[in-house]
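S.K.: Structure incoming, see below.
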Amino acid sequence: MELFPPLSVFYKAIADDARIGSTHISIYMALLQQWNINGGSNPVKIERDVIMNAAKVNARQTYNKCINELQEYGYIIYEPCSNQFEASVIHLKNVEMKT
């Protein structure tokens, strides 16, 4: 019995995806945690600093590269906010909880 299906779905999706590295996984796990904290609502508003801290990513360039690649590879839809005082929006794909 799976207690948290979105985690299993993600790991099944990346199993054969050689493009995904540990930093991608770390950032995705931080995004998934934000989704979970927000009650499973999609999309999720995020703050870069919060995600970077949770993912243990120190370089903004690394964060930006991995977020853009996660979008390019089809794991998320990223809507950056041009205003630094507002949150960006992330749509996590295939995270619906089955009850």
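S.K.: Would you call V95 closer than 17 Å to P5 by Cα and modelled with pLDDT under 95?
M.R.: For V95, the condition - closer than 17 Å to P5 by Cα and modelled with pLDDT under 95 - is met.
S.K.: Among (1) more than 11 Å from H24 (Cα to Cα); (2) at pLDDT 95 or above; (3) aromatic (F, W, Y), there is one condition Y63 misses while meeting the rest; what is its number?
M.R.: It is condition (1) that Y63 fails.
S.K.: Which of the residues spanning segment 15-67 are in contact (Cβ under 8 Å) with a residue 40 or more places away in the chain, within 18 Å of V89 (Cα to Cα) and exposed (fewer than 14 other Cβ atoms within 10 Å of the Cβ)?
M.R.: Listed by number, the residues that qualify are G40, E47.
S.K.: If a residue counts only when it is of a type outside the set (V, I, T), which strands (runs of 3 or more DSSP E) contained entirely in segment 1-97 have at least 2 such residues?
M.R.: Answer list for segment 1-97: 76-79, 88-92.
The values are calculated or read from the model by the stated rules, or taken from the named source; none is laboratory data. Just so we're clear, the structure is a prediction, and the values are computed from it rather than from any experiment. Ideal geometry is used to build each Cβ from the backbone, glycine not excepted, and the neighbour counts take in all protein chains shown.
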